[in-house]
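K.L.:
One structure, as structure tokens, below. Some questions next.
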Amino acid sequence: MSAERAIGGISRRGALAWVMGLAAGGMLPRLATAQETAAPPAADALTDAASGVSFGPAEPFADGTVEALARALAQEPYAEPRQISDVWKGLTYDQIREIWYDGKHALYTGSDSPTRAEMFVAGLYQHYPIDIFAVQGAEAREVLFNLDLFVKTDRFPDLPGDGTGFSGFRLTGEMEQPGVFQEYAVFQGATYFRAVGRGQQYGLSARGFALNTAHPSKPEEFPLFTRFWIEEGKLHATEAVVHALMDSPSLTGAYRFTIRKGDATVMEVEAVVFPRETLDAPGIAPETSMFLFNDLNRLKFDDFREGVHDSDGLLVATGTGNLLWRPLMNPAKVETSWFADTNPRGFGLMQRARDPGAYNDLAAHYERRPSLWVEPVGDWGEGHVVLVEIPADKEIYDNIVAFWRPKAPMETGQEYRFSYRLHWADGAPPVDGERARVIATRTGQRVFEDGRMFAIDYEAHPALGTDPAALEAKVTASAGQVTGVLVLPNPDTGGFRVDATLILPEDQPVELRVELMRGGVNPVGETWLYRWVP
């Protein structure tokens, strides 16, 4: 059984990472609803004949509804969330796989909506039931939980439905052929969500908000999307619209996701957050991924595969026009890297190795995992792109996090708005093509001389030309000594390789930087960055 198979919509790896965060002090809140506090259904509750789904009473809904709820909620003391019963928490990994939502009950089945939604049950790792509303026109109705909406095998235990609820949902739509609805996005667990484009396979995740990630003295806090509103799409609509209310001990927030599926699935995210207390370590547009090993650290793992990762590098497009490429590592201890910038053009965790031979895994297909590019919209000001790398010995753990941290803290009593696009794709982000990409990094001790060599391969690119004599590699290190630099044509790729030999200290980390220049002035390749840790 592959460790990457999903529990509902979130993988066991992602769920474990979330639970580990909770054990470290994260807290996930939830608002009470009419379904919890009122015994009988409301008089104006209804059941949809096509889907068999029952709904609560109608409530007014408009674009500002969720923002008003978040603003009001921030003025109230934080309330501990309700949890599912112990018997539902006690389900095993194999048991939770024996229950799933019946597709014939998908939300908006029988309508002209190009968007449908199928729910997940709360159990095992998912302890906090959430509320889901269907939006039709200017009205919203709560989707009432009913265990009969789910298919259960004879291996699933006989449990009462009143001890659980919905834990999230997946969106389905016509991805590849008319009339066939396929899954392309999932929202489940804390503020986690993920998506795929056509022909892709789930990999890394995004979050609505990160707080105190890798903080030296505070436990990480995991806010929760407590309520969702899923709009009924109109006939021939090309997008799905989802709204979410976020709550946690330290802040509240309102989110709107406009999702366009396709070869690349693109999400337009509009958010406003309301701190309950001053936040000195917020993370905007956070991404969470997994990197176990590739050519850089292959020898540390006794594994038949050539590589195991959902992402292999961080790409940053700075506000000044530079492109930074930072290969990922699986460190011996937590490592945090900061990339200062003003109004970044974008950043994201990339999966560049697309050859199946780079993995040799016929089950997991890491070559099909999407990259995730964050494209800021508007003025994001000064701050840092932050990369956190966490030790991992198994692929079930998400150990890579990247996000934007504003320079100034978020003050209590204020509101903060940010917008951005998320590109889930196996192809190039919007900034690719500006300069030659780094397509491989390798390292090893020199055989006949002292020092460690780093071999950095750049793809073929018009800006590089064909004459290696016209190219210069500027190699710098924060410590140690650079003893040799060569720029060589690589006949296998059609591009060029930079061979850099360095004598590095054995008692401290070293920040390495390589800039490939033409004519000694014009950068023609991505700036390669790496932290060497003895």
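The values are calculated or read from the model by the stated rules, or taken from the named source; none is laboratory data. Model, not experiment: these values are computed from the prediction. When we count neighbours, we look across all protein chains shown, and the Cβ atoms used for this are built from the backbone with ideal geometry, even at glycine. Calculation scope for accessible area: heavy atoms of the full protein, side chains included, ligands and nucleic acids excluded. Shrake-Rupley method; radii C 1.70, N 1.55, O 1.52, S 1.80 Å.
K.L.:
Under 20 Å from the Cα of LYS300, which lysines turn up, not counting those fewer than eight places away in the same chain?
P.N.:
Hits, sequence-local ones excluded: LYS333, LYS394.
K.L.:
Same structure, new question: What is the Cα radius of gyration of the range 237-370 over 2.2 N^0.38 Å, N being its residue count?
P.N.:
Cα-based Rg divided by the globular estimate yields 1.29.
K.L.:
Something else now. Helix 65-74 against the longest principal axis of the chain: what's the angle in degrees, Cα atoms only, rounded to the nearest 10?
P.N.:
For helix 65-74, the angle is close to 80 degrees.
K.L.:
Here's something else I'd like to know. Would you list, by chain and number, the lysines whose Cα falls below 22 Å from the Cα of LYS407, excluding same-chain residues fewer than 8 positions away?
P.N.:
LYS218
K.L.:
Let me test this: with uniform point scatterers at the alpha carbons of the range 218-294, what is the Debye-based log₁₀ I(q)/I(0) at q = 0.12, 0.20, 0.26 1/Å?
P.N.:
One equal scatterer on each Cα of the range 218-294 leads to -0.48, -0.99, -1.28.
K.L.:
Also, I was wondering about something else. Quote the relative contact order of the range 438-497 in percent (integer), defining contacts as alpha-carbon pairs under 8 Å separated by 6+ residues.
P.N.:
32
K.L.:
With charges only on Cβ, +1 for K and R and -1 for D and E, what is the dipole size of the chain about its Cα centre, in debye, rounded to 20?
P.N.:
Computed charge dipole of the chain: roughly 560 debye.
K.L.:
Among bridges DSSP assigns within the chain, what percent are antiparallel (round to 5)?
P.N.:
Of the beta bridges lying entirely in the chain, close to 95 percent run antiparallel.
K.L.:
Which value, to two decimals, describes the C-alpha radius of gyration of the range 141-259 once divided by 2.2 N^0.38 Å?
P.N.:
Expressed relative to 2.2 N^0.38 Å, the Cα Rg reads 1.26.
K.L.:
Taking the C-alpha atoms of the range 453-534, how large are the radius of gyration and the largest Cα-Cα span, Dmax, in Å?
P.N.:
When restricted to the Cα atoms of the range 453-534, Rg and Dmax are 13.0, 41 Å.
K.L.:
Okay, next question. Computed over the Cα atoms of the range 40-115, what is the convex hull's projected area averaged over all directions, in nm²?
P.N.:
The number I arrive at for the range 40-115 is 8.9 nm².
K.L.:
Could you work out the local net charge near ALA62, counting Lys and Arg as +1, Asp and Glu as -1, over the other residues with Cβ closer than 14 Å to its Cβ?
P.N.:
-4
K.L.:
May I pose another question? By how many nm would the segment from GLU98 to PHE301 lengthen if fully extended, with 0.36 nm per residue of separation less the alpha-carbon distance?
P.N.:
Extending this stretch completely gives an extra 69.8 nm.
K.L.:
Now, a different point. Can you give me the convex hull volume of the Cα atoms of the chain, divided per residue and expressed in Å³?
P.N.:
With only Cα atoms used, the chain gives 159 Å³ per residue.
K.L.:
Which trypsin sites (Lys or Arg not before Pro) in the range 140-230 pass both tests, a DSSP loop state and at most 16 other beta-carbon atoms within 10 Å?
P.N.:
The qualifying sites are ARG155, ARG198.
K.L.:
Ratio to report: Rg/Rh of the range 359-454, with Cα atoms as the point set and Rh obtained by the Kirkwood method; give two decimals.
P.N.:
On the Cα set of the range 359-454, Rg over Rh gives 1.06.
K.L.:
For the chain, which whole-number percentage of the solvent-accessible area (1.4 Å probe, protein heavy atoms only) is attributable to carbon and sulfur atoms?
P.N.:
Ligands and nucleic acids excluded, carbon and sulfur reach 51 percent.
K.L.:
For the range 385-534, go through all pairs of different Cα atoms, get the mean of 1/r, take its inverse, and jot down that Kirkwood value in Å.
P.N.:
Final number for the Kirkwood radius of the range 385-534 is 18.2 Å.
K.L.:
Once you mark the chymotrypsin sites (Phe, Trp or Tyr not before Pro) that are in a DSSP loop and have at most 11 other Cβ atoms within 10 Å, what is the longest gap between them in the chain?
P.N.:
After excluding every exposed loop site, the longest remaining stretch is 1-303.
K.L.:
In whole angstrom, how long is each semi-axis of the equivalent ellipsoid of the range 79-173, when you take the square root of 5 times every eigenvalue of its Cα gyration tensor and sort them from largest down?
P.N.:
Those come to 25, 17, 10 Å.
K.L.:
Separate question: If the viscosity is 1.306 mPa s and the temperature 10 °C, what translational diffusion coefficient in µm²/s does Stokes-Einstein give for the range 252-298 when Rh comes from Kirkwood over Cα pairs?
P.N.:
Translational D for this selection: 110 µm²/s.
K.L.:
Here's something else I'd like to know. At most 11 other Cβ atoms within 10 Å and a DSSP loop assignment: could you name the trypsin sites (Lys or Arg not before Pro) in the range 358-441 that fit?
P.N.:
Those that pass, being in a loop and sparsely packed, are LYS407.
K.L.:
Restricting the calculation to Cα positions, tell me the Rg (one decimal) and the Dmax (whole number) of the range 294-350 in Å.
P.N.:
Over the range 294-350's Cα set, Rg and Dmax evaluate to 14.1, 43 Å.
K.L.:
In addition: With a probe of 1.4 Å, find how much accessible area the chain has per residue, and write the answer as a whole number in Å².
P.N.:
About 41 Å² of surface per residue is accessible.
K.L.:
Would you calculate, for the chain, the mean residue ellipticity at 222 nm contributed by helices, counting each DSSP H stretch of 4 or more residues as -39,500 (n - 2.57) and dividing by all residues, to the nearest 500?
P.N.:
-1500 deg cm²/dmol
K.L.:
Still on this structure, please answer the following. Helix 12-23 against the longest principal axis of the chain: what's the angle in degrees, Cα atoms only, rounded to the nearest 10?
P.N.:
80
K.L.:
Hey, for a label at GLU277 modelled as a point 7 Å past Cα toward Cβ, could you say which residues of the range 201-216 have their backbone N under 14 Å away?
P.N.:
211-212, by backbone N distance to the label point.
K.L.:
For the range 453-534, what does the relative contact order come out to in percent, with C-alpha contacts under 8 Å and a separation of six or more?
P.N.:
In percent, rounded to a whole number, it is 33.
K.L.:
Can I ask one more? So what is the relative contact order for the chain, in percent, with contacts set as C-alpha pairs under 8 Å and at least six apart?
P.N.:
Normalised by residue count, the contact order of the chain is 12 percent.
K.L.:
Follow-up question, since we're still on this one. Given a Förster radius of 41 Å and the C-beta distance between VAL521 and GLU449 as r, what FRET efficiency does 1/(1 + (r/R0)^6) yield to the nearest 0.05?
P.N.:
Rounded to the nearest 0.05, the efficiency is 0.85.
K.L.:
With each label point set 7 Å from Cα along the Cα-Cβ vector, what nm distance links ASP112 and LYS89?
P.N.:
4.8
K.L.:
Something else about it: Compute the longest continuous run of the chain that contains no exposed GluC sites (Glu not before Pro); treat a site as exposed when its DSSP state is not H, G, I, E or B and it has at most 10 other Cβ atoms within 10 Å.
P.N.:
Between the exposed loop sites, the longest stretch runs 177-505.
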